[in-house]
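Quick notes on the structure that follows.
The values are calculated or read from the model by the stated rules, or taken from the named source; none is laboratory data. All of these numbers come straight from a predicted model, not from anything done at the bench. Ideal geometry is used to build each Cβ from the backbone, glycine not excepted, and the neighbour counts take in all protein chains shown.
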Amino acid sequence: MMEGRPIKFRLLEMFNEGGKWNYEVIPQVQEEYQMNTKFEADCINFDIIEICTAGFLVKTETKIDEEGIYRQGSLLIKYQITQLGRDQFETIARNLSKRRVKT
Amino acid sequence: MDAEEMKRTNHRKKVKYGYVMGVFLALLWGLWYVPGSLMWVIDPFVSLYNDVAVTHGDIGAMLVTAVLISGANALMATVVLVIWNAYMHKFKEMKRTIVELKAVQKYLIAAAVFAGPMAVFGSYLATGFAGAAFSAVAALAFPVVGTILTTKFAGQRLSKRAIAGILTIVMGCISIYAIGLVDEISSGRMEMMGYVGGLMAVFGWGLEGLVIAKGMDVSEPDAAFHLKMLSETGIWWIIIIPILALAGIPILEYVVNIFTDPAALLVVTCSGFAFGYCTICYYKAYPMIGAGRTMGLSALNAMVAVVFLFALTGSVPDWTVLIGGVLVFIGLILMFYEKKENLESIRGEQEAIE
């Protein structure tokens, strides 16, 4: 439902489906939004940090990336949605703009 | 370093980033007052003022000039932000955001209305009908209104210590104008319209704070502040300036001069740079340290403006600025040395569901 819409909409949708690690979410968003640079990956990570600070996600697990799954030596974080996050997601889902159907 | 320790370090870095943005916001805003006040003394703005003053009086002239200044400022800030977002690769995100009218773009348009016409007209009405000090105090009180609104209607939480910090900083900045305010009140020349203007200014910026807090929850700051400035530019240039022109005010004659007069263009460009980058810092600080703290820090612009205007134009502030300086210092200490755990989330402690 949220593919191709503002990135924070999509991120809330992905976390609403279940708890996820940042290294799972970032490459998926990069692929969907064609944001292939390291800088853009950092931007997505930053968006996740922002929605977590907003109270929509909580960090449930952390580990240091020793095998280089995402970026060697960085902190990997697993996030889970909160009630506030789910409410926010439902609010935006109700207020989405209609898309033009591509033919 | 183990994962727990790294998590704490990352968190401290995040909070520090928010505060650095808040401090830069105040610096740039204060710096903006230099081109901001220069515009009132150079052409074409002075000619417009004099021209309108003949037919509509000084206050009418001030409001019309404020429109042209705000319009030019918003336009230049929007142009300057194009450079930023080209570098940040955010044009696609802007496109994705602008079409989501009901979910997010409405907040950005509302922010443009509140911080644009409502607050600008309010603060000049306050200056015209009550006095410059009263207007400045009304503008500086906005963090208090904004903090109340964002805690009531956006669910943001603040510790008692953060609230004390915000209040102390605001009191400190207001005390710069204490003597002027007492003079204006005791002169007995303050009119009802001045109070209405003061309320418009304080609620304009306070409500902007509330809608940004809502908008920032679901949008990227870079896309959001650019769209807000674009909306504000639209409001001035597509709605207000044409209305004034249709009402027979000769504003359009002076619009061209802004772009053909090199001095005017330089000052307006500087104003656009300062305002554009100030907006960036404002919107970047919001999601990190919350609305209340950001607005509290933004009040510091008054202190910065006093210093810059003193250094560049030699205007000496009242001695109460010293009391203000001490209060601001105490307020900042209160705010910075708050327990960092309080900022894990700007809406208090949350729990995972499922």
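Look at (1) small (Gly, Ala, Ser); (2) buried (at least 20 other Cβ atoms within 10 Å of the Cβ); (3) outside any helix (DSSP H, G or I) and you find that A:GLY18 fails only one, number (2).
Suppose the filter is within 11 Å of another protein chain (Cβ to nearest Cβ), in contact with a helix residue (DSSP H, G or I) (Cβ under 9 Å, 6 or more places away or on another chain), surrounded by 14 or more Cβ atoms within 10 Å (Cβ to Cβ) and not basic (Lys, Arg); does A:ILE26 pass it? Answer is no for this residue. Screening the stretch B:14-33 for residues that are more than 15 Å from the chain's Cα centre (by Cα) and either of a type in the set (Ser, Thr, Tyr) or more than 14 Å from B:ILE289 (Cα to Cα) (or both) and picking the one that is farthest from the other protein chains (Cβ to nearest Cβ) gives B:TYR19.
Against the numbered list (1) at pLDDT 90 or above; (2) assigned to a loop (DSSP other than H, G, I, E, B), B:ALA112 comes up short only at (2). What residue, among those in the stretch B:43-71 that are under 23 Å from the mean Cα position of the chain (by Cα) and β-branched (Val, Ile, Thr), is nearest to B:VAL306 (Cα to Cα)? The residue in question is B:ILE69. Number of residues in the stretch B:313-334 that are at pLDDT below 85 and either of a type in the set (D, E, K, R) or touching a helix residue (DSSP H, G or I) at 6+ places or on another chain (Cβ under 6 Å) (or both) equals 5. Taking the listed residues B:ALA61, B:ALA77, B:ALA66, B:ALA53, the one that is modelled with pLDDT of 90 or more and more than 22 Å from B:MET303 (Cβ to Cβ) is B:ALA77, with no other qualifying. Considering only the stretch B:281-294, I want to know if a residue exists there that is closer than 30 Å to A:CYS43 by Cα, within 12 Å of chain A (Cβ to nearest Cβ), among the polar types (S, T, N, Q) and in a helix (DSSP H, G or I). Checking the stretch B:281-294: not a single residue is closer than 30 Å to A:CYS43 by Cα, within 12 Å of chain A (Cβ to nearest Cβ), among the polar types (S, T, N, Q) and in a helix (DSSP H, G or I).
Name every residue in the stretch A:63-97 that is in contact (Cβ under 8 Å) with a residue 12 or more places away in the chain, assigned to a loop (DSSP other than H, G, I, E, B) and charged (D, E, K, R), in order of residue number.
So the first thing to find is which residues in the stretch A:63-97 are in contact (Cβ under 8 Å) with a residue 12 or more places away in the chain, and the list is A:63-65, A:69-70, A:75-82, A:84-86, A:88-89, A:92-93, A:96.
Going one step further and asking which of them are assigned to a loop (DSSP other than H, G, I, E, B), we end up with A:65, A:69-70, A:96.
Scanning the stretch A:63-97 gives a single hit, A:ASP65.
The residue pairs whose first member lies in the stretch B:1-13 and is more than 9 Å from chain A (Cβ to nearest Cβ) and in contact (Cβ under 8 Å) with a residue 24 or more places away in the chain, whose second member is of a type outside the set (Lys, Arg) and surrounded by 16 or more Cβ atoms within 10 Å (Cβ to Cβ), and whose beta carbons are closer than 8 Å, counting only pairs six or more residues apart or on different chains, are B:HIS11/B:LEU343; B:HIS11/B:GLU344. Would you check if B:ALA112 is in contact (Cβ under 8 Å) with a residue 24 or more places away in the chain, closer than 30 Å to A:LEU12 by Cα and of a type in the set (A, V, I, L, M, F, W, C)? So B:ALA112 passes the test. Within the stretch B:318-345, restricting attention to residues that are touching a Phe, Trp or Tyr at 6+ places or on another chain (Cβ under 9 Å) and under 29 Å from A:ILE51 (Cβ atoms), the residue that is surrounded by the fewest Cβ atoms within 10 Å (Cβ to Cβ) is B:PHE336.
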